[in-house]
Amino acid sequence: QLSLVESGGGSVQAGGSLRLSCAATGRSFETHSVAWFRQGPGRDREFVASITYARITEYSGSVQGRFTISRDNTYNMVYLQMNNLNRQDTATYFCAADLRQWRRLPGDYKYWGQGTQVTVSA
C-alpha cells in the first residue's frame, strides 16, 4: 500500500520552470514504477512521463526535451522538472505508482495522489 502526495505546483509565465514533487509513504516504494499524468480543463487525463524501478524513463512527445522525471528512493520521492513551460501545459498534475513497469494508461496505475495545479500564463 502506497500513499502519494504531490507538491510544487503554482502559476508561472510561459517560458518559466517549475519542479513538482511526489512524496510516497508505504512499503516497497523502490519496486514501483512512478508516472506523472496531467488533466487540463475539459480534457482526458494524459500520460506525461514515467520512471521505472531501474530508473528507465519515458516521456510523452509533447514534453520530451522539456521535462525531466527523476526519483530518489532514499527519501521515497519522485520529481518532475518542467522547463520552457507553455500554456498547453496548464493542468492538474498527478503522480501515480504501480508495481507494473512501462505503463502509459491511467487505468494501469493502482496508487494516485490528489494532484497539484500548474497554471501557465502568456
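The values are calculated or read from the model by the stated rules, or taken from the named source; none is laboratory data. As the structure is a computational prediction, the values presented were derived from the model and not from experiment. Cβ placement follows ideal geometry from the backbone for every residue including glycine, while neighbour counts extend to all protein chains displayed. Protein only, heavy atoms only, side chains kept; ligands, DNA and RNA dropped before computing areas. Shrake-Rupley method; radii C 1.70, N 1.55, O 1.52, S 1.80 Å.
Some values worked out for this structure:
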{"read-out": "Test: residue in the range 43-56 that is open to solvent by 50 Å² or more (accessible area, probe 1.4 Å), assigned to a loop (DSSP other than H, G, I, E, B), out of contact with any strand residue (DSSP E or B) (no Cβ under 7 Å at 6 or more places or on another chain) and not aliphatic (A, V, I, L, M)", "value": "yes"}
{"read-out": "Any hit, the range 101-116, residues being over 16 Å from HIS32 (Cβ atoms) and assigned to a strand (DSSP E or B)", "value": "yes"}
{"read-out": "Which numbered condition LEU2 fails, given (1) open to solvent by 40 Å² or more (accessible area, probe 1.4 Å); (2) more than 23 Å from ASP89 (Cα to Cα)", "value": "(1)"}
{"read-out": "Any hit, the range 77-92, residues being closer than 27 Å to SER11 by Cβ, buried (at least 22 other Cβ atoms within 10 Å of the Cβ) and out of contact with any Lys or Arg (no Cβ under 8 Å at 6 or more places or on another chain)", "value": "no"}
{"read-out": "Residue identified as farther than 10 Å from ALA35 by Cα, acidic (Asp, Glu) and open to solvent by less than 50 Å² (accessible area, probe 1.4 Å) among ASP98, ASP72", "value": "ASP72"}
{"read-out": "In the range 22-42, residue nearest to PHE67 (Cα to Cα) [restricted to those that are open to solvent by less than 20 Å² (accessible area, probe 1.4 Å) and in a strand (DSSP E or B)]", "value": "TRP36"}
{"read-out": "Among the residues listed as VAL78, VAL63, the single one being of a type in the set (A, V, I, L, M), within 29 Å of ALA122 (Cβ to Cβ) and in contact with a strand residue (DSSP E or B) (Cβ under 7 Å, 6 or more places away or on another chain)", "value": "VAL63"}
{"read-out": "Tally of residues being part of a loop (DSSP other than H, G, I, E, B) and over 11 Å from ARG19 (Cβ atoms) across the range 57-83", "value": "11"}
